[in-house]
Each structure stands twice: as structure tokens, then as C-alpha cells.
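So the structure is just underneath, and the comments pick up after that.
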Amino acid sequence: MRVILKGASTGRNKGKGHAHMDEESGAQQEGRIAIIGAGIVGLMTALEIQRTGRQVIVIDPGEPGGRQAASYGNAAWIGPGGIMPISVPGLWRQVPGFLMDKSGPLVIRWASLPSLLPWLLRFVWAGRSWKKVEECAKLRFELCRSSTIDHQKVAAEAGVDHLVEQKGSLNIYRDRSEFLASGFAWDMRRRLGIKFIELDETELQKLEPNISGRYRLGVLIPDQAHITDLKAYCQAIANLIEKRGGEFIRAQATGLAISRGRVRAVKTGGGVIECSQVAITAGIGSRKLAAAAGDRVPLISERGYHVVIADGGHTIIQPILPADAQMCITPTRQGLRIAGQVELATVEATPDWRRAEVLQRWVSRVFRVPPETDEVIDQWMGHRPSTPDGLPCIGAAPSCDGLFYGFGHGHAGLTQAPATAKLLAALVAGQEPPFDISAMAVGRF
């Protein structure tokens with residue numbers, strides 16, 4: 001099926017004109033796959049589908065990895081360590097505190113509580129037992145076990161292997177009791193074969209001399225890595241897709257054209273884009289698009305903030321996560337990125353920039369010598385698309401042929417993107433996925 005864009009040639013940032021369907025050319029364009037969303041999951045998916053010999057067209061109102069995408073502003077960590085869901089037994093007892101403490105690591109806005117309540121109930125139920133948490137962690141491991149290697153390979157293909165630095169990640173604790181409080185997570189990592197090294201106070205200070213004496217124990221996961229410039233990384237992948245014949249359309253996907261039980265096209269603000277198959281990887285925007293196919297998904301915005309502080313590169317060597325702060329501090333090309341924690345509110349709610357200030361205040365607690373300047377060079381708020389059970393929606397739409405889902409990764413979109421892309425590419429090609437993904441089917445809701 002051919003897409004004719006009035007007044008525009010194909011290519012990145014083109015195609016704001018209307019498209020129309022050409023029935024006679026349908027056979028010639030069979031195999032054209034539309035990927036909705038140009039964040040890291042969508043880009044990786046487009047790249048993997050290209051490997052199967054199919055044509056891809058990526059639809060997004062913004063630039064690849066731009067500020068509109070959660071891929072722009074996350075903590076930039078990748079690797080096998082992110083296996084744990086947020087909901088665990090006993091978390092429900094802390095919900096009143098989340099409502100009252102506006103400076104804590106997880107905040108719920110009072111005004112959003114009525115609309116969030118059904119999701120919160122599912123969220124608490126998902127973590128009702130350690131057995132359920134273990135089942136979830138094992139599935140998450142399948143999505144992140146080869147993340148570092150996969151990103152390294154893609155970065156090399158795109159000519160930006162220097163943007164992926166494997167220096168490990170470091171969790172730091174004030175004392176052993178704080179470490180033991182997260183014992184289940186570390187035991188799960190051990191059982192799954194994830195390597196980690198415990199560091200006493202002396203070893204911790206030798207590895208990261210600038211970490212405050214407040215922290216006396218560390219755990220290093222050497223197979224973890226980080227991206228030093230997320231926007232540049234996403235743009236490099238987009239360039240690679242385009243070089244291999246892929247197209248990018250700057251438009252807002254507003255719905256799907258479905259006929260006789262099969263998706264036929266993507267509706268956008270600029271017209272209709274015909275295709276033979278569609279993969280929805282649009283982050284928080286995926287909920288409305290899935291609804292167009294009759295699938296109601298409990299997907300909310302786990303709103304994340306970041307602040308970037310100018311840094312000469314002397315503060316830390318590798319990314320760190322202070323357990324008492326529940327946030328990540330990552331050295332990037334722009335500066336020291338401080339990201340994480342959670343704010344639950346509606347998508348439409350205005351940003352509460354006090355959340356960014358909370359992140360920034362931790363700098364003086366975590367480091368002996370803070371960055372050379374406290375100049376904030378960037379602050380951001382974005383929508384991490386989160387399901388209540390800690391698993392993304394990956395699979396075929398149950399009632400619409402040719403439609404596939406890859407969204408709802410919460411905190412872990414960057415880490416889980418390569419595996420998600422491989423699964424979607426297999427499904428689009430009509431192949432069996434490499435492992436059982438039935439627990440991630442949208443029908444579970």
C-alpha cells in the first residue's frame with residue numbers, strides 16, 4: 001500500500017500533508033509496517049522489523065527521542081539489574097504516607113486519587129505475595145538480560161558506540177540493615193545469575209571517593225551500562241533506520257482504520273497512512289490507540305522528573321543509586337543527571353517542579369564535594385507508561401489482525417527496548433517468540 005504525501009517528499013520530519021489510499025498499488029506495498037511512536041521502543045522495533053526485510057514507517061508528532069518522549073528524560077541506565085516491580089508485599093501500608101509527604105520518593109496527588117484508585121487497587125494486588133513478585137521478576141529478567149549487549153551492538157551499527165559506557169551501576173546503602181531490607185531483590189538477582197559485588201566502606205570509598213561517608217556499603221553490578229546522551233542515541237538510530245529505507249512521518253496518530261477485523265491504516269491529524277501491519281509503541285499515548293481496537297488497558301503516567309547539573313566529570317565515575325533516595329545519578333555528556341522517584345497524577349496535570357528541586361537537594365547529601373557548580377542546565381518531566389502489574393503489554397491484539405502492542409514499560413523502557421523489539425519483529429513476521437509472552441498479553445486485564 002502506498003502512502004502519497006501531498007506537497008512533501010518522503011523522509012524524516014516530512015509528511016504533514018494528507019495521505020490517500022491507492023487500491024491499485026496495494027499489492028506493490030504489501031509488507032509496509034507502521035510503527036507508532038519514535039521513542040526508544042519504537043525505534044528499536046522499527047530497526048528489528050527492517051532486519052526481516054520489511055519496509056517501515058515511523059509515526060510520531062515529535063522528533064525521535066525528543067523531549068516529548070520518556071526516552072529523552074529517563075535515568076539512562078541499561079542492563080540486567082532492573083528485574084524488580086515496584087509493588088511488593090506491605091507496600092499498601094505506605095499509601096497514606098505517599099498522599100501526605102510531598103518530598104518522598106513516591107507521591108500521589110490528592111486531586112488525581114479518584115481517577116487513579118482503580119489502578120492503585122490493581123497495583124497493590126499485583127504485589128500481594130512474594131511468589132507473585134518472583135513470577136514478575138523472572139519475566140522482567142527475560143526482557144533485560146541481554147540489554148547491555150544489544151544496545152552496544154545497535155550503537156556500533158549506528159556509529160555511536162561511544163555513547164554506551166559499560167562502567168557498571170552502584171547501589172549505595174547507609175548500613176547493612178538498609179541493604180538487608182532489599183534482600184529479596186538481591187537474592188532474586190543471584191538466583192537468575194546476575195553478577196554483583198558487595199563492597200564494604202573501604203572498597204566503596206576506593207571505587208567512588210566522592211561518595212559521602214553517609215554511605216557505608218555498596219553493591220556493584222558490572223554488567224550494567226548507561227547511555228551518555230539519550231537524544232543523540234535515539235537520533236543516531238533514526239538515521240540508521242532512514243539510511244536503510246525507513247520513513248518518518250511527523251504526525252499525531254489519532255486512531256486506526258479497521259475493516260473486516262484487520263487494521264488497514266493509521267489515522268493521523270494529517271491524513272490516513274495505509275499499511276499492512278501496525279505496531280503501537282507510543283508510550284502513554286498507546287492507551288487511546290489500543291482502545292480504538294477494543295482493548296482497555298489500565299495504563300497510567302508514572303510521572304518522572306529529572307534535573308541536570310553542570311559537572312566537569314569529576315563527581316562520580318559510574319551511575320549510582322542511593323537506596324534512601326530511590327533515584328539515579330548518572331554522568332552524561334550534558335552534566336550530572338538526577339532522575340527517578342515517582343509522582344502519580346493524571347496525564348493532564350501540570351508539572352510540579354518542586355519534584356525536580358527534591359532531586360537536586362539530594363546532591364549535597366550524597367557527595368562529599370558537590371559538582372563544581374549548582375547550575376541547572378535542564379529540567380524535565382515526562383510520562384512513564386505504567387501498568388499495575390509491572391509488566392509491559394507485548395503481543396498481538398486479540399480482536400484485530402495485523403495489530404501488535406509494545407508499550408507499558410514503566411521505568412524500564414530503555415532497558416527492555418531491544419528485547420521488546422525482537423519479540424515484535426518475530427510476531428510481525430508470523431514467527432513464534434523466543435520465550436512465552438502470554439503473561440504480557442493485553443488480554444490479562
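The values are calculated or read from the model by the stated rules, or taken from the named source; none is laboratory data. All figures in this text were calculated on a predicted structure; none of them were measured in a lab. Note: ideal-geometry Cβ built from the backbone for every residue, glycine included; neighbour counts use all protein chains shown.
Out of (1) free of Cβ contacts under 8 Å to residues at least 60 places away in the same chain; (2) among the polar types (S, T, N, Q); (3) touching an Asp or Glu at 6+ places or on another chain (Cβ under 8 Å), the odd one out for Ser87 is which?
Among (1) free of Cβ contacts under 8 Å to residues at least 60 places away in the same chain; (2) among the polar types (S, T, N, Q); (3) touching an Asp or Glu at 6+ places or on another chain (Cβ under 8 Å), Ser87 violates only (1).
For segment 260-379, which strands (runs of 3 or more DSSP E) that fit wholly inside it have 3 or more residues that are of a type in the set (A, V, I, L, M)?
Output list reads 262-268, 277-280, 300-309, 336-344.
Only one residue in Glu302, Glu274 is under 18 Å from Gly73 (Cβ atoms) and of a type in the set (D, E, K, R), so which one is that?
Glu302
Taking Leu143 as the residue in question, decide whether it is in a helix (DSSP H, G or I), farther than 18 Å from Met44 by Cα and out of contact with any Lys or Arg (no Cβ under 9 Å at 6 or more places or on another chain).
So Leu143 fails the test.
Which one is nearest to the chain's Cα centre (by Cα), of the residues in segment 392-445 that are hydroxyl-bearing (Ser, Thr, Tyr), within 24 Å of Gly294 (Cβ to Cβ) and assigned to a helix (DSSP H, G or I)?
Filtering first and then ranking leaves Thr420.
I'd like to check something: does segment 224-233 contain any residue that is out of contact with any strand residue (DSSP E or B) (no Cβ under 7 Å at 6 or more places or on another chain), closer than 30 Å to Ile197 by Cβ, among the aliphatic types (A, V, I, L, M) and not in a strand (DSSP E or B)?
Checking segment 224-233: at least one residue is out of contact with any strand residue (DSSP E or B) (no Cβ under 7 Å at 6 or more places or on another chain), closer than 30 Å to Ile197 by Cβ, among the aliphatic types (A, V, I, L, M) and not in a strand (DSSP E or B).
Condition test on Gly213, is it surrounded by fewer than 16 Cβ atoms within 10 Å (Cβ to Cβ), over 23 Å from the mean Cα position of the chain (by Cα), assigned by TED's automatic domain parsing to the domain that holds Pro331 and part of a loop (DSSP other than H, G, I, E, B)?
Taking the combined requirement at face value, the residue satisfies it.
For Gly7, are the conditions met, namely being modelled with pLDDT under 70, touching a strand residue (DSSP E or B) at 6+ places or on another chain (Cβ under 6 Å) and outside the structural domain of Gln318 (by TED's automatic domain parsing)?
no
Given the options Ile284, Ile280, Ile258, name the one that is outside the structural domain of Asp223 (by TED's automatic domain parsing), of a type outside the set (S, T, N, Q) and touching a His at 6+ places or on another chain (Cβ under 7 Å).
Step by step, each of Ile284, Ile280, Ile258 is checked, and only Ile284 is outside the structural domain of Asp223 (by TED's automatic domain parsing), of a type outside the set (S, T, N, Q) and touching a His at 6+ places or on another chain (Cβ under 7 Å).
Residue under question is Gly335, and the condition is that it be under 24 Å from Leu113 (Cα atoms), touching a strand residue (DSSP E or B) at 6+ places or on another chain (Cβ under 8 Å) and in contact (Cβ under 8 Å) with a residue 40 or more places away in the chain; does it hold?
no
How many residues does segment 27-55 hold that are under 30 Å from Trp380 (Cα atoms) and of a type outside the set (Gly, Ala, Ser)?
Here the count works out to 9.
Quick one: what pairs do we get from segment 238-251, first residue surrounded by fewer than 18 Cβ atoms within 10 Å (Cβ to Cβ), second polar (S, T, N, Q), C-beta under 7 Å, 6+ apart or different chains?
Pairs that qualify, where the first residue is surrounded by fewer than 18 Cβ atoms within 10 Å (Cβ to Cβ) and the partner is polar (S, T, N, Q), are Arg244/Gln50; Gly245/Gln55.
Evaluate segment 30-40: report whether one residue or more is out of contact with any Cys (no Cβ under 9 Å at 6 or more places or on another chain), at positive phi and at pLDDT below 50.
no
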